[in-house]
Amino acid sequence: MGTILVLDGQQRNVISCVRSLANAGHRVVVGAHTPDALCFGSRFTSDRWLYPNPVTSSVSFRDALMNEIESKQYDLVLPFIDATTKIIVESQDDISSFAPVLVPKIKAFQIAFDKALTFQLAEMINIPHPNTLYPISLNEAIKCAREIGFPLVIKPRQSSGSRGLKVIGNEKDLIRYFPIIMTKYPMPLLQEFIPEKESVGFVTIYGKDAKLKAFCQHKRLHQYPLSGGPSTLRETISDDRLKEYGSTLLDELRWVGPAMVEFRVDSRDGVPKLMEINPRLWGSIALHIAAGVNFPELIYKESNDISYPNVYSYDIGKKAKWLLPGEILYFLASLGHGKVELNALKWWGKDLVLDIGSWNDPLPVFYMIKNLIKNLSSLQAIKHGILRE
């Protein structure tokens, strides 16, 4: 078994990966840029490494990472967030001289990370997607909006989750919000609004030979904010269309490593429409590990040329919940809309796993509570959930 450097230990999705790797017999070293990182509290963490913030100090982070892997022996470096993944993609030749990584080539990553390039590719290879236009000024945006029609969506070219995304109902709101969003996110897209039947995802890893090695699929059951954001409850499903569309995109890119391709099923015609490619490990990975697709272990094996069978089957109907604070905020937001969603507070069940909570590894939950108490913005989030400001 190997020694694995897992980055971004402050993220909730990392904890399930740390546990699965440790349970497979690996020694897991967790890195993070905050001393109170969630995974630092896990009993499955063998050692802890505090590094510069990769978002605000990318050069310092890269230098620290190179020093770490040059001075110690690692059998895999595993990033989770956009910032660390981007740095590793851009420096993969240098990093892989000292430790294995499984990431795409720079050009493929750039196309997946930039939504304008993603949708241009989707148009070229006939993947169903919303009508998308690319204005470079407010005047162009007004013309594009008249072509697309309202409602429409202003979507940043580069962002994750619902950051910078705004649904626009009329031209007056477009004139108001487009310049504001453009200031923070240059040249955002204008996109047809897809009325949602459900949001679904195709998650996968591709090998060093750019071939599909494993996949899983899921649908969102709850999310927060209600208007769009991270999933707080999701369930594994089977939908051949997701595999067809998702693998066609990634095949075209000659993808290497993990990715999630997100779709929204259009309530008008029932067709999954492409929303984005997430070019890294994803927030809902606890679900897929619980459903029988151990992505972290597969990445380790692929990176180290250890043979393994392709994983094309998994448990259908498995659910995973981000209870604290995700489902609690979902419950409060629903309450603010007059709906009492008591099932959001349920933390047990035969086919249910929690993103963070675990009876045999309880400390990360206390780290999470501690961080929530320290973070005053979480109080604003609760207020927003109740009052819908």
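The values are calculated or read from the model by the stated rules, or taken from the named source; none is laboratory data. Because the structure is predicted, anything quoted here is derived from the model rather than measured. We place every Cβ from the backbone using ideal geometry, glycine too, and count neighbours over all the protein chains shown.
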Some residue of the range 293-303 being of a type outside the set (Val, Ile, Thr), surrounded by fewer than 20 Cβ atoms within 10 Å (Cβ to Cβ) and touching a residue at least 24 places away in the same chain (Cβ under 8 Å): no
Residue count, the range 139-165 (criterion: crowded, with 20+ Cβ neighbours inside 10 Å, in contact with an Asp or Glu (Cβ under 9 Å, 6 or more places away or on another chain) and not in a helix (DSSP H, G or I)): 3
Hey, LYS301 more than 30 Å from LEU102 (Cα to Cα), basic (Lys, Arg) and not in a loop (DSSP other than H, G, I, E, B) or not: no
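Would you mind stating whether TRP347 is part of a loop (DSSP other than H, G, I, E, B), among the aromatic types (Phe, Trp, Tyr) and without any contact (Cβ under 8 Å) to a residue 60 or more places away in the chain?
Yes: the conditions hold for TRP347.
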Filter result for ASP209 (out of contact with any Gly (no Cβ under 9 Å at 6 or more places or on another chain), acidic (Asp, Glu) and over 30 Å from ILE306 (Cβ atoms)): no
Contacts under 8 angstrom Cβ, first residue in the range 237-254 being free of Cβ contacts under 8 Å to residues at least 40 places away in the same chain, partner outside any loop (DSSP other than H, G, I, E, B), 6 or more apart: ASP239/VAL200; ASP239/GLN217; ASP239/PRO272; ARG241/PRO272
Elements of type strands (runs of 3 or more DSSP E) in the range 1-103, at least 3 residues being within 19 Å of PRO296 (Cβ to Cβ) and touching a residue at least 40 places away in the same chain (Cβ under 8 Å): 3-6, 76-78
The range 190-211, residues that are surrounded by fewer than 18 Cβ atoms within 10 Å (Cβ to Cβ) and among the hydrophobic types (A, V, I, L, M, F, W, C): PHE193, ALA210
Residues of the range 83-107 satisfying the condition of being within 24 Å of ILE285 (Cα to Cα), crowded, with 18+ Cβ neighbours inside 10 Å and not hydroxyl-bearing (Ser, Thr, Tyr): ALA83, LYS86, ILE87, ILE88, VAL89, GLN92, ALA99, PRO100, VAL101, LEU102, VAL103, PRO104
Test: residue in the range 217-227 that is surrounded by 18 or more Cβ atoms within 10 Å (Cβ to Cβ), outside any strand (DSSP E or B) and at pLDDT 95 or above: no
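Out of the residues in the range 252-279 meeting the condition of being touching a strand residue (DSSP E or B) at 6+ places or on another chain (Cβ under 8 Å) and part of a loop (DSSP other than H, G, I, E, B), tell me which one is nearest to PHE113 (Cα to Cα).
Here the answer is PRO279.
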Test: residue in the range 350-362 that is hydroxyl-bearing (Ser, Thr, Tyr) and either assigned to a loop (DSSP other than H, G, I, E, B) or closer than 15 Å to ARG234 by Cα (or both): yes
Given (1) surrounded by 15 or more Cβ atoms within 10 Å (Cβ to Cβ); (2) on the phi > 0 side of the Ramachandran plot; (3) not basic (Lys, Arg), number of the condition MET182 does not satisfy: (2)
